[in-house]
Amino acid sequence: MAPTPSTTAPFSAVIRAASQDRHLEAESSAFMGDMLGGRLGVAAYARYTEQLWFVYRALEDGAARLAGDPVAGPFLRPELARVAALERDLGHLLGAGWRARATALPSTARYAARVTELAASWPAGYVAHHYTRYLGDLSGGQVIRGIAERTWGFRGKGDGVRFYVFEAIANPAAFKREYRALLDGLAVDGPEKRRVVDECRNAFALNTAVFADLGAAFPLTG
Ligand code: HEM
């Protein structure tokens, strides 16, 4: 059960607090631990990046569909777009012809399908996924970039780790503050906010499921 959100705290604080346990769970997965501990080969990192490509295509195809939507529209900032960066990384990691070989793990397919479904049916639910990925990338994603550069020898901020580099965001801390202000003004009523929190928790769980599949494919810890 998610903790009951406060009715007075700003929504950005509510959603953060209500997803903290799920964040910890995702962060503590064996795959993440092994990856951040530098114990995995570059093939595992490449497979992970490939999974992100499926997820971000769903997010960014969804964004194209939601442009102009009064609830989700304000969150859809072009500076966040990650698909082009992921495609450069994957060309570097997997070599020519990677698109024809790319496959989604079952958990990734479920995750991407959920994002696509929400983009078509529930804009505020889509925002829950948007928040979970993009604010995370602007935060802990920077830790992953540093470790990937050191572990697998990518050029600093170069091909292989472009996904983590937001070239159009000069000041991530300021960007995150603005993003949280948008969350605080999310144009839905209280009961719907409660559902958004639940969907955010679901978004974290979908990420954890991808880590579990990746952990099974690249076992080490355990
Ligand atoms: C080992 C991996 C991870 C590390 C080291 C990490 C680390 C962090 C850190 C340090 C912050 C706080 C940044 C701040 O206060 O500005 C943060 C925030 C966040 N992370 Fe992670 N994280 C990891 C994995 C994930 C995953 C897998 C997700 C979800 C897909 C995620 C989603 C988020 C979100 C949404 C926030 C923003 C919370 C908020 O301020 O509202 N993180 N992360």
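The residues of the chain have, on average, 45 Å² of accessible surface per residue, using a 1.4 Å probe with all protein chains present. 3J(HN,Hα) along segment 93-108, derived from phi through the Karplus expression 6.51 cos²θ - 1.76 cosθ + 1.60 where θ = phi - 60°, amounts to 6, 10, x, 4, x, 4, 4, 5, 9, 5, 9, 8, 5, x, 5, 5 Hz, with x in place of Gly and Pro. Toward the positive end of the charge dipole of the chain, with +1 on the Cβ of Lys and Arg and -1 on the Cβ of Asp and Glu, the farthest Cα among P219, T151, F163 is that of T151.
In the chain, taking the dipole from charged Cβ atoms about the Cα centre, the farthest positive-side position among G97, V196, L59 is held by G97. The equivalent ellipsoid that matches the C-alpha gyration tensor of segment 157-222 spans semi-axes of 29, 24, 7 angstrom, in descending order. The charge dipole of the chain, taken about the Cα centre with unit charges on the Cβ atoms of Lys, Arg (+1) and Asp, Glu (-1), comes to about 300 debye, rounded to the nearest 20. Karplus-based coupling profile of segment 197-205, in residue order and whole Hz: 4, 4, 5, 5, 4, 5, 4, 4, 5, with θ = phi - 60° in 6.51 cos²θ - 1.76 cosθ + 1.60 and x standing for Gly or Pro. Kirkwood radius for the chain, taken over all pairs of different Cα atoms as the inverse mean of 1/r, rounds to 17.9 Å. Taking a ≥ b ≥ c as the square roots of the eigenvalues of the Cα gyration tensor of segment 1-121, is the shape rounded (a/c under 1.5), prolate (a/b larger than b/c) or oblate? Note, shape of segment 1-121 comes out oblate. When peptides 24-33, 54-63, 127-136 are ranked by their average number of other Cβ atoms within 10 Å per residue, the highest-first order is 127-136, 54-63, 24-33. Sequence-distant contacts, meaning Cα pairs under 8 Å at least 6 residues apart, place the relative contact order of the chain at 38 percent.
Ranked by the mean number of other Cβ atoms within 10 Å of their residues, highest first, the peptides 11-17, 35-41 fall in the order 11-17, 35-41.
The values are calculated or read from the model by the stated rules, or taken from the named source; none is laboratory data. Just so you know, these numbers come straight off a predicted model, no measurement behind them. Note that we place each Cβ from the backbone using ideal geometry, even for glycine, and neighbour counts take in every protein chain shown. Areas reflect the complete protein model, heavy atoms only, side chains present, ligands, DNA and RNA absent. Shrake-Rupley method; radii C 1.70, N 1.55, O 1.52, S 1.80 Å.
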